[in-house]
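Beneath this line is the structure, given in structure tokens, with notes to follow.
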Amino acid sequence: MQTRIDIDRPAGEVFDFVADQTNAPRWQHGLHEVRRTTPGPVGVGTEHVFVRRFAGMNIESRNLFTAYEPGRFVSFEIPSGKITGEASYLVEPTGVNTSRLISEVHFRVSGLAGLAAPVLARVFERDSRKNVAALKDLLEHGGD
């Protein structure tokens, strides 16, 4: 699933904000906590632990950055847990102080929850649209 949104902020600012995943609870509904678990600068190999409430379940998992181009692109995998998958953020400048965020997410659901995968996909798609709208509002207006 891919989501695109134009944001009235410079591309570098948007990228820095979304690539610092400890910011994610500020704009992602149901995400309660994100902790970075690796030292040093953010890049390939950076890991986070996150706690999310999704479809009535509390899910604790981790993600691992698999690609990182400063100011432009980050991709990560969620390698284990009830929900696994890959995701990425690509930020492109559309003007001097404007940019486009392209978020791509592919997930897999295991166990009994896998039976509800089509329903979960619709919920996730709806939530993703709301989340990027919240991100836009936060970055453009401070979340007012």
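Of note, residue 72 satisfies the criterion of being within 15 Å of residue 101 (Cβ to Cβ), surrounded by fewer than 17 Cβ atoms within 10 Å (Cβ to Cβ) and either touching a residue at least 24 places away in the same chain (Cβ under 8 Å) or touching a strand residue (DSSP E or B) at 6+ places or on another chain (Cβ under 6 Å) (or both).
The residues of the range 26-42 that are crowded, with 17+ Cβ neighbours inside 10 Å and not in a loop (DSSP other than H, G, I, E, B), listed by number, are 31, 34. What do you reckon, is residue 49 at pLDDT 90 or above, assigned to a strand (DSSP E or B), β-branched (Val, Ile, Thr) and more than 12 Å from the chain's Cα centre (by Cα)? Judged against the criteria, residue 49 is a match.
Considering the range 75-87, and only residues there that are part of a strand (DSSP E or B) and at pLDDT 80 or above, the residue that is nearest to residue 103 (Cα to Cα) turns out to be 87. You will find that of 66, 3, the residue that is modelled with pLDDT of 95 or more, polar (S, T, N, Q) and closer than 16 Å to residue 105 by Cβ is 66 and no other.
The values are calculated or read from the model by the stated rules, or taken from the named source; none is laboratory data. Keep in mind that what you see is a predicted model, and the values were worked out from it rather than measured. So basically every Cβ, Gly included, is an ideal-geometry build from the backbone, and we count neighbours across all protein chains shown.
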